[in-house]
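Since the structure comes first, as structure tokens, the remarks are kept for the end.
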There are 2 protein chains.
Amino acid sequence: MRGAVIHAPGDVRFETLDDPKILNPTDAVIRTAVTCVCGSDLWPWRGLDATDEAHPMGHEYVGFVEEVGSEVTAVRPGQFVVGSFATSDNTCANCRNGFQSNCLNREFMSTCQAEYVRIPNAQGTLVATDDVPGEEFWPGLLAVSDVMGTGWYAADAAEVKPGSTAVVVGDGAVGLCAVIAAKERGAERIIAMSRHESRQKLAREFGATDIVTERGEDGIARIKEMTGGIGADSVLECVGTEQSMQQALRSTRPGGNVGFVGVPHEVAVDGQELFFSHVGLRGGPAPVRRYLPDLIDRVLSGRIDPGKVFDLTLPLEQVAEGYKAMDERRAVKALLKP
Amino acid sequence: MRGAVIHAPGDVRFETLDDPKILNPTDAVIRTAVTCVCGSDLWPWRGLDATDEAHPMGHEYVGFVEEVGSEVTAVRPGQFVVGSFATSDNTCANCRNGFQSNCLNREFMSTCQAEYVRIPNAQGTLVATDDVPGEEFWPGLLAVSDVMGTGWYAADAAEVKPGSTAVVVGDGAVGLCAVIAAKERGAERIIAMSRHESRQKLAREFGATDIVTERGEDGIARIKEMTGGIGADSVLECVGTEQSMQQALRSTRPGGNVGFVGVPHEVAVDGQELFFSHVGLRGGPAPVRRYLPDLIDRVLSGRIDPGKVFDLTLPLEQVAEGYKAMDERRAVKALLKP
């Protein structure tokens, strides 16, 4: 089969690779329906994460079960399945507590920009749809497996409640999905922080009631001004930089909550500032598995369409162009079709 | 009247001071029934917080209303009242959200080791008991105004739930009250971290089911060992140092919560570690006012007796000895009687 391999910053190639096989009785192998490029894939592409040796890429996938190991009974060949970037047995203590992305047997996916993919912990990771969904739903279900699940967790961790005010920091695919999540969870006012016209438009389409273009101190002041001087009930941090975390913490009202889902790069939170702010803080890789059945329903019922975050569709063999388009911000997120 | 004044590290004097007066229509003046020395009072005593000029001390009090300003209708002269170290109007947006210790009109108390005290925001701060309680209840009610209210907030912020496992880091008066709070909120297993025999004894009396004497990495390993390898549901951080915060964060299970009520001194939380831990974190000065009616009931009904944290009683004029005894760890907490 063929799949994407990164050799060095800016050098992703579509190459012939060994076909994935069942290695453990808990594995499944799927034939990829659609996959995509993630914002986090740009870290090695840009050389900000080191690439010591060539390796496959990609952690987002939906597809058709090809083969299952002897211990996998939850899905069977031919079924259409949705998974997650973090695999989980869905039985350990952390999984039972709803944090499947911290499963004691977790393996992160990393070979999904390919025609076939081996899925460890398939029994606890994959959720099959009742029927094979029409192709028009595939982008939405692919989003559910990562960016939509992550946006949902941001809203969950930030404890977005009906009637509340939510701020979304970050207008990438996750931030845009976080707007959907805030809306679905009943936020009355959803303030998206964005400077890009096309993303503002999609944020509004997804449920944002207000757009704030200011950043840093000005952005914080603007949010305070819009929230009776105290800050928002919930802030969804979807970037992962020091600046975005400050923006999030200082835009939250005393007693409010920040859910942070951007992987923090060189972020330190000052204990005393956090203390006097009374802000609650929770982050992490999203426990997508917890949300899958619900989010799959919302997509298949047409209630939400997070697939709209894909504004570029390419054949899988042009995967490198997907990275390039996202790096140059010509695309929010690139869908790849094998 | 007379009261405590700090002049320099180690130099607290009992002096004649101006009688407090109503300055604003929202003030009350109370005659102190009992007051005490707080662990945080030891910071200037030890010279760790600077004392640039001599000033009164103390922020814990219960007493009898002497006089009220024209806008104070909730309490009247002669009533026995319980307050909080942070005054609040109990009407602003932050108060309505339950974070009265972040009241937009907040003033921190700082003159309470004295015979009479002016209470700003008296209407929203003071809660009167139905009758004047017997003297045996005064220590418990005094605890409620600060250390018990703070321990309760630690349990609240750490989301202690019935049947859960809670760890308390810190065996000072707040930590000991946090054990009471964890028990009252239904924790099934309460692990107190303490190396002092007399404090261990009180912790057990208050409801601790286990004592852990190890600290640092060993303490974390011990907690993990006791919690199926994953950590506790809730950890109540009642110290405020870098080490205690690490202890707390690393003893919490993925998806669990840390409530931190020790004022952080030079504490920085690593964003990436917090992210991958999935731990929720909330701290701050306790919104004691939110809990007052409930905690007063628990004390007066005899359900809890947080007054036991006072293991030294002194006449107010010997206030300096109270500081000294606590500094030398001869006392957990010193009660002062005018």
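The values are calculated or read from the model by the stated rules, or taken from the named source; none is laboratory data. Nothing here was measured: the structure is a model prediction, and the numbers come from that model. Positions of Cβ are generated from backbone atoms using ideal geometry, with glycine treated the same way; all protein chains shown enter the neighbour counts. Ligands, DNA and RNA are excluded from the accessible area calculation, which covers all protein heavy atoms including side chains. Shrake-Rupley method; radii C 1.70, N 1.55, O 1.52, S 1.80 Å.
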**Fill in**
Amide H neighbours of A:Phe260 at under 5 Å, excluding residues fewer than 5 places away on the same chain, with H built from the backbone geometry, are A:Glu237, A:Arg282, A:Gly283, A:Gly284
**Prompt:** Where in the stretch B:165-188 is the amide nitrogen less than 17 Å from a point lying 7 Å along the Cα-to-Cβ axis of B:Ser301?
**Reply:** B:180-187
**Prompt:** What is the mean number of Cβ atoms from other protein chains located within 10 Å of the Cβ atom of each residue in peptide A:261-270, rounded to a whole number?
**Reply:** 4
**Request:** Enter the buried accessible area of the A/B pair, total of both sides, probe 1.4 Å, in Å² rounded to the nearest 100.
**Result:** 3100
**Prompt:** What is the mean number of Cβ atoms from other protein chains located within 10 Å of the Cβ atom of each residue in peptide A:252-259, rounded to a whole number?
**Reply:** 4
**Probe 1.4 Å, accessible area per residue of chain A, Å²** = 38
**Complete:** Pairs over 31 Å Cα to Cα, from A:Lys161/B:Lys333; B:Lys201/B:Lys337; B:Lys201/B:Lys224; B:Lys161/B:Lys324, come to A:Lys161/B:Lys333; B:Lys161/B:Lys324
**Message:** Using a 10 Å cut-off around each Cβ of peptide A:279-290, what is the average number of partner chain Cβ atoms that fall inside?
**Reply:** 5
**Request:** Using the 7 Å Cα-to-Cβ label point, sort the distances from A:His265 to its equivalents in the other copies shortest first and give them in nm to one decimal.
**Result:** 3.7
**Asked** Hey, what do the phi angles of the stretch B:110-127 turn into as Karplus ³J(HN,Hα) couplings, whole Hz, using 6.51/-1.76/1.60 and θ = phi - 60°, x for Gly and Pro?
**Response** 7, 9, 8, 7, 7, 6, 9, 9, 8, 10, x, 6, 4, 4, x, 9, 8, 10
**Asked** In terms of the Cα gyration tensor, with a ≥ b ≥ c the square roots of its eigenvalues, is the stretch A:114-229 rounded because a/c is under 1.5, prolate because a/b exceeds b/c, or oblate?
**Response** prolate
**Message:** Counting only protein heavy atoms and a 1.4 Å probe, tell me what percentage of the protein assembly as shown's accessible area is made up of carbon and sulfur.
**Reply:** 45
**Asked** So what's the angle, to the nearest 10 degrees on a 0 to 90 scale, between helix A:147-157 and the longest Cα principal axis of chain A?
**Response** 40
**Message:** Measuring nothing but label to label, 7 Å from Cα along Cα→Cβ, what are A:Glu15's distances to the other copies in nm, shortest first?
**Reply:** 7.8
**Item:** Estimated FRET transfer efficiency when R0 is 45 angstrom, pair A:Arg31-A:Glu328 (beta carbons, to 0.05)
**Value:** 0.90
**Request:** Estimate the FRET efficiency between A:Glu225 and B:Asp52 by the formula 1/(1 + (r/R0)^6), using the beta-carbon distance for r and 41 Å for R0, to the nearest 0.05.
**Result:** 0.70
**Prompt:** Which peptide among A:37-50, A:242-255 comes first, and what is the full order, when sorted by highest mean count of other Cβ atoms within 10 Å?
**Reply:** A:242-255, A:37-50
**Prompt:** Given a cut-off of under 8 Å on Cα pairs at least six residues apart, what relative contact order in percent is computed for the stretch B:12-118?
**Reply:** 33
**Prompt:** Near the amide H of A:Ala33, under 5 Å away, which other amide H atoms are found, from residues 5 or more places off or on another chain, if H is placed in the peptide plane?
**Reply:** A:Val62, A:Gly63, A:Phe64
**Message:** Could you order the peptides B:283-291, B:184-192 from most to least packed, using the average number of other C-beta atoms within 10 Å per residue?
**Reply:** B:283-291, B:184-192
**Asked** So how long is each side of chain B along the principal axes, counting just the alpha-carbon atoms, biggest first, in Å?
**Response** 58, 40, 37
**Complete:** Cα-based Rg then Dmax for the stretch A:1-145, in Å, read 15.1, 42
**Prompt:** For B:Gln318, what charge total do you get from the other residues with a beta carbon under 13 Å from its beta carbon, if Lys and Arg give +1 and Asp and Glu give -1?
**Reply:** +2
**Request:** Let me have the relative contact order for chain A, percent, based on Cα pairs under 8 Å that are six or more residues apart.
**Result:** 19
**Fill in**
So, in nm and shortest first, the distances from A:Glu328 to its counterparts in the other copies, with label points 7 Å along Cα→Cβ, work out as 7.6
**Complete:** Taking Rh as the Kirkwood radius computed over alpha-carbon pairs of the stretch B:145-293 and applying Stokes-Einstein at 4 °C with viscosity 1.567 mPa s, one gets a diffusion coefficient in µm² s⁻¹ of 89
**Request:** Calculate how steeply helix B:173-184 sits against the longest principal axis of the alpha-carbon atoms of chain B, using the helix alpha-carbon long axis, and give the answer as 0 to 90 degrees to the nearest 10.
**Result:** 70
**Asked** Under a Cβ-Cβ cut-off of 10 Å, what is the net charge of the residues other than B:Ala286 that fall near it, where Lys and Arg count +1 and Asp and Glu count -1?
**Response** 0
**Item:** Test item: Cα-centred dipole of the protein assembly as shown, Lys/Arg +1 and Asp/Glu -1 on Cβ, debye
**Value:** 920
**Item:** chain A: most fluctuating residue of A:Gly307, A:Gly78, A:Gly124 per GNM, C-alpha cutoff 10 Å
**Value:** A:Gly78
**Asked** Out of residues 5 or more away from B:Leu312 or on other chains, whose amide H comes under 5 Å of its own, with H placed 1.01 Å from N in the peptide plane?
**Response** B:Lys333, B:Leu335
**Request:** Let me have the relative contact order for the stretch A:151-283, percent, based on Cα pairs under 8 Å that are six or more residues apart.
**Result:** 27
**Complete:** The alpha-carbon pair-distance distribution computed for the stretch B:175-245, with 5 angstrom bins and whole-percent values, is 3, 17, 27, 28, 20, 4
**Prompt:** Any idea what the alpha-carbon Rg over 2.2 N^0.38 Å comes to for the protein assembly as shown?
**Reply:** 1.08
**Message:** Could you tell me which residue out of A:Ala155, A:Leu142, A:Gln100 lies farthest along the dipole of the stretch A:69-157 toward its positive end? Charges go on the beta carbon: Lys and Arg +1, Asp and Glu -1, centred on the Cα centre.
**Reply:** A:Gln100
**Asked** Can you give the angle from 0 to 90° between the axis of helix A:197-206 and the longest principal axis of chain A, with both taken from C-alpha atoms, to the nearest 10?
**Response** 90
**Request:** On a C-alpha basis, how far is the centre of the stretch A:1-79 from the centre of the stretch A:255-302 in Å? Whole number, if you could?
**Result:** 26
**Prompt:** Of A:Ala143, A:Ala74, A:Ala155, which is the most mobile in a GNM of chain A whose springs link Cα atoms less than 10 angstrom apart?
**Reply:** A:Ala74
**Message:** Could you work out how much longer the chain between B:Glu71 and B:Val132 gets when fully extended? Use 0.36 nm per residue separation minus the Cα distance between them, nm to one decimal.
**Reply:** 19.6 nm
**Request:** Assuming R0 = 30 Å, can you tell me the calculated FRET efficiency for the pair B:Arg215 and A:Arg96, based on Cβ-Cβ distance, to the nearest 0.05?
**Result:** 0.50
**Calculated over the stretch A:229-338: convex hull of Cα atoms, volume per residue (Å³)** = 157
